[in-house]
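Here the structure comes first, spelled out in structure tokens, and everything after it is commentary.
The values are calculated or read from the model by the stated rules, or taken from the named source; none is laboratory data. Source: prediction; values computed, not measured. Heads up, the Cβs are rebuilt from the backbone with ideal geometry, glycines too, and the neighbour counts pull from every protein chain shown. Surface accessibility is based on the protein's heavy atoms, side chains included, excluding ligands, DNA and RNA. Shrake-Rupley method; radii C 1.70, N 1.55, O 1.52, S 1.80 Å.
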Amino acid sequence: MEANEKTTRLPRFIHEAVKEDLTNGRFNYVRTRLPPEPNGYLHIGHVKAFLIDYFTAQEFGGELYLRFDDTNPSKEGTEFVEAIESDAAWLGIRWAKVTFASDYFDLLYEWAQRLIQQGLAYVDDQTQEEMSASRGTMPKGTKWSETESALRPGVDSPWRNRPVEENLDLLERMKNGEFPEGSRVLRAKIDMAHPNILLRDPVMYRIMHVHHHRTGDRWHIYPMYDWSHGQNDSMEGVTHSLCSNEYIIHRPLYEWFLQQLGAFPTRQIEFSRLNLTYAMMSKRKVRKLVESGIVRGWDDPRLTTLRGMRRRGVTPEAIINFITSTGETKNDSWVEMAQFEACVRDDLNKRALRRLGVLKPLKLVIDNYPEAQTEELEAVNNPEDPAAGTRKLPFSRELYIEQDDFRETPPPKYFRMYPGNEVRLRYAYLVTCTGLVKDEAGNVVEVHATYDPATRGGDAPDGRKVKSTIHWVSAQHAIKAEVRLYEQLFTVENPDVGDDLQSIVNPHSLEVLDNCYLEPSLGDAQPSDKFQFERTGYFCADLDTQPGKPVFNRTVGLRDSWAKIEGKK
RNA sequence: UGGGGCGUGGUGCAACGGCAGCACACCAGACUUUGGAUCUGUGGAUCUUGGUUCGAGUCCAGGCGCCCCAGCCA
């Protein structure tokens with residue numbers, strides 16, 4: 001039973017495929033790999049793939065390598081290597097070792113020479129346009145839906161049957177930088193009429209006179225994905241190369257190379273990638289958001305980058321629970337953001353200390369409370385966790401309550417404070433609203449009430465009930481804070497389509513409140529400390545917090561059934 | 001339209017030829033010193049047509065729909 005519960009973290013189709021390989025002797029151990037390209041920061045979409053690799057290794061007693069796919073130095077850099085490592089570690093993923101595709105450049109080059117010697121690879125001098133035309137496909141930019149006839153068979157390159165020695169020599173000179181970029185490529189010799197376009201003599205190496213962040217200026221050719229990834233898997237003895245569905249079509253090529261080389265037969269298995277509504281998964285576009293200043297950086301709390309979510313106050317456990325709860329299949333799917341938020345709430349509900357904080361303050365004066373008096377009331381830190389203990393809350397004559405918690409004329413089903421109504425001040429007293437003060441513009445600027453001294457702590461000795469409990473802070477004791485509220489960054493469910501970012505960003509995605517009053521115990525909150533502000537939401541102290549000037553991010557709001565009632569009208 | 005992949009409530013995931021179930025969302029109610037949390041309940045799904053079978057979401061055949069591929073990106 002226990003074994004069964006553990007395996008539920010993996011989808012059955014992957015679990016069974018791996019088990020089958022172990023049973024039938026294809027492999028006698030399990031090794032997987034995380035293959036990030038170091039050209040951007042990790043986002044929630046990567047987490048799914050990471051976790052599948054991690055869990056697969058764990059559940060079969062195997063190991064995991066973190067291998068950076070650094071085959072395109074024009075896009076990649078060492079700063080991303082460090083960021084990816086630290087983000088993955090924060091998530092809780094552990095790996096046996098870190099490797100780089102570039103570690104294998106020499107061996108890969110030897111393998112290419114072997115293919116040439118086997119007559120299975122050649123140097124092609126065609127231009128890119130010629131190659132594209134001779135592949136028998138439509139011109140670049142054509143949509144498949146616009147294609148009327150079947151693919152034409154490709155045409156063999158005039159260089160396809162170059163002698164082995166000439167190929168070897170040209171490849172060596174390409175490597176050494178003797179030719180300009182774009183002048184030649186090394187291609188596998190497979191079948192120019194193959195219905196799978198990837199098998200129409202795919203490019204293995206292209207010339208790039210670019211400095212590489214690890215190999216320096218030693219190489220002037222760099223391998224393509226198809227001529228690197230599978231070979232690296234094989235060289236590392238990776239048993240299962242788990243990737244997203246877009247690579248299904250690559251599998252025949254993946255296997256062709258390994259078979260021709262007689263190399264270790266890594267098995268590629270695919271699953272669907274994660275789509276999350278309102279989340280941007282395209283690295284290129286996230287970069288645009290950052291560079292254009294639409295968001296404040298890669299760790300902007302509105303982004304679903306790992307750093308963004310972390311800064312916002314989401315824990316690794318919440319992220320992992322979310323990914324696990326959505327499951328994995330080969331289906332194309334769109335998970336609703338609400339499901340992610342539910343996981344975040346569920347996690348924070350268990351761990352976050354409760355605090356009182358007033359975001360949009362309205363002064364409340366308790367007229368019959370002695371002017372100079374202050375008292376301390378006991379408050380529970382977390383009703384979900386008695387071990388979290390209690391704290392003292394200072395109370396006095398002048399308080400702040402939430403503007404939303406007062407209405408001069410209450411709508412139906414509104415139970416909070418309005419003239420004549422009695423409510424409970426959380427952990428304090430029952431108070432009855434007696435009046436209000438307006439400014440010249442007609443805005444309510446102050447509310448008055450009387451308290452019942454017999455209800456200290458919030459219970460009435462006569463057993464009478466109130467329908468609402470509201471939060472408050474003592475005006476003279478409260479600390480001032482900035483609070484940042486977030487909404488969806490985009491107004492459309494799928495922000496990855498289209499290129500006009502400006503037109504789809506939500507202008508209200510960030511609301512900064514700089515006049516918030518919090519209970520004094522929040523004064524020494526440290527960045528990343530997490531709290532529930534009662535009745536309001538979950539909040540996390542931000543990196544921008546300074547001594548005496550706390551800044552909080554709203555991670556996610558509480559479920560708000562009043563907002564629902566009100567919203568329906 | 002060449003090749004490949006995928007179709008189960010609104011969304012995501014289960015059901016390995018045997019009562020279609022779970023979570024999120026939604027709706028109604030109970031409880032409540034957070035309109036939180038918790039609990040209970042309602043509604044709602046097997047793309048379609050045919051076949052095999054005592055029995056089909058599951059197997060077979062056809063159709064339909066959606067997604068991926070024509071980078072010297074990964």
- Query: To the nearest 10 degrees, how steep is helix A:164-175 against the longest Cα principal axis of chain A, on a 0 to 90 scale?
  - Reply: 40 degrees
- Where a ≥ b ≥ c are root eigenvalues of the Cα gyration tensor, a/c under 1.5 meaning rounded, otherwise prolate if a/b exceeds b/c and oblate otherwise, the stretch A:430-569 counts as prolate
- Task: Run through the DSSP bridge list for chain A and note the antiparallel percent, rounded to the nearest 5.
- Result: 70 percent
- Which order do peptides A:223-235, A:427-439 fall in by mean Cβ count within 10 Å, highest first? A:223-235, A:427-439
- Please compute P(r) over all alpha-carbon pairs of the stretch A:160-296, binned at 5 Å starting from zero, and give each bin as a whole-number percent. 2, 8, 13, 15, 16, 17, 14, 8, 4, 2, 1, 0
- For A:Asp332, the accessible surface traced by a 1.4 Å probe with all protein chains present amounts, in square angstrom to the nearest 10, to 140 Å²
- Query: How much net charge surrounds A:Arg307 when only other residues with a Cβ under 10 Å from its Cβ are counted (Lys, Arg +1; Asp, Glu -1)?
  - Reply: 0
- Query: Against the longest principal axis of chain A, how steep is helix A:251-261, in degrees 0 to 90 to the nearest 10, with axes from Cα atoms?
  - Reply: 40 degrees
- Message: Strictly over 28 Å apart at the Cα level, which of A:Lys360/A:Lys530; A:Lys467/A:Lys564; A:Lys97/A:Lys350; A:Lys530/A:Lys564; A:Lys283/A:Lys360; A:Lys288/A:Lys564 would you flag in this model?
- Response: A:Lys97/A:Lys350; A:Lys283/A:Lys360; A:Lys288/A:Lys564
- Name the residue farthest towards the positive end of the dipole of the stretch A:283-350 from the options A:Thr324, A:Met309, A:Leu289, assuming +1 on Cβ of Lys and Arg, -1 on Cβ of Asp and Glu, about the Cα centre. A:Leu289
- Item | Highest average packing first - A:368-379, A:443-454, Cβ atoms within 10 Å | A:443-454, A:368-379
- From the C-alpha gyration tensor of the stretch A:283-350, square roots of 5λ in Å: 24, 17, 9
- Task: Using only Cα atoms, figure out Rg for the stretch A:352-477 and give it as a multiple of 2.2 N^0.38 Å.
- Result: 1.05
- Note on the structure: Over chain A, the sum of -39500 (n - 2.57) across DSSP H runs of at least four, divided by residue number and rounded to 500 deg cm²/dmol, gives at 222 nm -8000 deg cm²/dmol
- Query: If you count the DSSP beta bridges with both ends in the stretch A:352-477, what percent of them are antiparallel, to the nearest 5?
  - Reply: 80 percent
- Item | Percentage of interatomic Cα-Cα distances in chain A larger than 42 Å | 39 percent
- At a Förster distance of 51 Å, what's the computed FRET efficiency of A:Arg456 paired with A:Thr329, Cβ-Cβ distance as r, to 0.05? 0.35
- Message: So if I average 1/r over every pair of distinct C-alpha atoms in the stretch A:370-429 and take the inverse, what Kirkwood radius in Å does that give?
- Response: 13.9 Å
- Sort the following peptides by mean Cβ neighbour count (other Cβ atoms within 10 Å, averaged over residues), highest first: A:206-218, A:268-280. A:268-280, A:206-218
- Message: Let's see if you can work this out: charge +1 on each Lys and Arg Cβ, -1 on each Asp and Glu Cβ, no other charges. What is the dipole magnitude of the stretch A:51-160 about its Cα centre, in debye to the nearest 20?
- Response: 380 debye
- Once the other residues with Cβ under 15 Å from the Cβ of A:Asn368 are scored (Lys, Arg +1; Asp, Glu -1), what is the net sum? -4
- Message: Under a Cβ-only charge scheme (Lys and Arg +1, Asp and Glu -1), can you give me the dipole magnitude of the stretch A:181-290 about the Cα centre, in debye to the nearest 20?
- Response: 520 debye
- Task: Please get the size of the charge dipole for chain A, origin at its Cα centre, with Cβ charges of +1 on Lys and Arg and -1 on Asp and Glu, quoted in debye to the nearest 20.
- Result: 860 debye
- Message: With every protein chain left in place and a probe of 1.4 Å, what is the accessible surface of A:Ile294, to the nearest 10 Å²?
- Response: 40 Å²
- Note on the structure: Dipole check, chain A, charges on Cβ (K,R +1; D,E -1), about Cα centroid: among A:His43, A:His194, A:Val437 the Cα furthest to the positive pole belongs to A:Val437
- Between the stretch A:500-522 and the stretch A:438-462, how many Å separate their Cα centres? 29 Å
- Item | Radius 10 Å from Cβ of A:Pro527, net charge of other residues (Lys, Arg +1; Asp, Glu -1) | -2
- Item | Positive-end residue of A:Ile269, A:Trp562, A:Ala387, charge dipole of chain A with Cβ unit charges | A:Trp562
- Message: Tell me which chymotrypsin sites (Phe, Trp or Tyr not before Pro) from the stretch A:1-93 have a DSSP coil assignment and no more than 15 other beta carbons within 10 Å of their own.
- Response: A:Tyr29
- Go ahead and run the numbers for FRET between A:Asn349 and A:Ala89, Cβ-Cβ distance against an R0 of 45 Å, rounding to 0.05. 0.95
